[in-house]
Amino acid sequence: MRFIWALLLIGAAHAQQYPTQPIKMIVPFPVGGGADIAARVVALHIGTELGQPVVVENYGGAGGTIGTSRAAQAAPDGYTLFVGTPSTHGTNPAVYTKLAYDPIRDFSPIGLIGTSPFLLIVHPSVKAQSAKELIALARAHPGELNYASFGNGSINHLGAELFNSLANIDVRHVPYKGGAPALVDLIAGRVQYTFDGSAAVPAIRAGQVKLLAVGSVQRWHVFADTPTIAESALPGFDLTTWYGLFAPAKTPQAVIDLVNTKLNAVLALPQAKDSFAKMGFDPAGGTPDVLTKKVRDEVSKWTDIARQKNIRVQD
């Protein structure tokens with residue numbers, strides 16, 4: 001009992017002093033992507049809130065597994081934070097045959113930074129004006145339509161397979177090395193449809209691709225008149241991207257609570273809201289439990305679909 005009280009006192013003392021030095025925030029993807037931009041917005045403002053600079057460090061590669069493993073192995077002292085996504089804490093555990101981290105065991109959730117829906121988009125030549133009509137078209141022409149993904153085992157690969165499974169359609173998968181080349185080929189008409197995020201908004205507004213539906217459960221304010229897939233075709237369907245702030249497991253709870261408080265303060269700042277709005281990204285916030293539930297739900301959902309479709313990625 002004395003030992004437990006001693007640990008609690010040490011943790012409380014650490015939190016009172018924390019932070020006394022710069023903090024690093026690991027992003028497991030290259031500079032310029034959505035996770036990187038979100039991290040830099042948070043880092044800038046949360047550094048001010050904490051009174052110490054927060055430096056973003058990018059460790060891209062292997063679908064985010066390299067940087068995620070690095071964060072999982074960092075000292076749990078509050079001086080390493082990590083920005084996770086549906087890939088790092090959802091699809092990667094579902095599809096990789098070997099993974100050097102466990103998304104639940106190796107991380108302490110701090111808070112959900114925010115979310116953004118995936119969008120169901122098609123080439124303008126596709127004779128469908130809604131998700132329901134696309135499903136009907138695919139059923140009428142089994143095996144003839146194809147869809148693009150960011151790569152085997154990626155979030156929009158599994159998301160599309162979830163869509164195809166619920167819709168009971170037979171279509172062909174065309175994997176690309178990232179979202180940019182997939183969108184280029186969709187615009188060119190080499191593939192019929194894909195699920196993409198806010199990066200596709202300019203192409204939608206320019207008429208280069210056609211938006212059929214939004215992947216989130218609720219309608220998205222950016223395209224408020226566009227129905228969701230759940231309401232128009234497949235009840236319960238949900239495909240959104242999200243960014244969460246984590247620390248290595250066993251980071252003192254007092255530190256987690258402090259950073260969570262500061263994160264929520266950052267997400268309420270007009271400057272941060274403006275930056276996120278330009279990304280097509282909706283701030284979330286809340287307690288660490290919100291992010292904990294998000295991770296558990298994502299791992300469960302994507303593990304199920306990966307097993308059903310036998311989707312595996314060799315290391």
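Annotations
- Taken residue by residue, segment 194-204 has no member that is among the β-branched types (V, I, T), modelled with pLDDT of 95 or more, under 15 Å from Y147 (Cα atoms) and surrounded by fewer than 17 Cβ atoms within 10 Å (Cβ to Cβ).
- One residue stands out in segment 198-245 among those that are in contact with a Phe, Trp or Tyr (Cβ under 6 Å, 6 or more places away or on another chain) and touching a residue at least 24 places away in the same chain (Cβ under 8 Å): the one that is nearest to V259 (Cα to Cα), namely L239.
- Residue among S154, S125, S165, S108 that is farther than 30 Å from P252 by Cβ and buried (at least 16 other Cβ atoms within 10 Å of the Cβ): S154
- Subset tally (residues that are within 13 Å of V42 (Cβ to Cβ), without any contact (Cβ under 8 Å) to a residue 40 or more places away in the chain and assigned to a helix (DSSP H, G or I)) for segment 263-309: 1
- Residue count for segment 168-205, restricted to those that are within 18 Å of the chain's Cα centre (by Cα) and either assigned to a loop (DSSP other than H, G, I, E, B) or not assigned by TED's automatic domain parsing to the domain that holds T228 (or both): 3
- So K250, is it surrounded by fewer than 15 Cβ atoms within 10 Å (Cβ to Cβ), of a type in the set (D, E, K, R) and modelled with pLDDT under 95: no
The values are calculated or read from the model by the stated rules, or taken from the named source; none is laboratory data. Everything quoted here is computed from the prediction, not taken from an experiment. With ideal geometry, Cβ positions are generated from the backbone for all residues, glycine too; neighbour counts draw on all protein chains shown.
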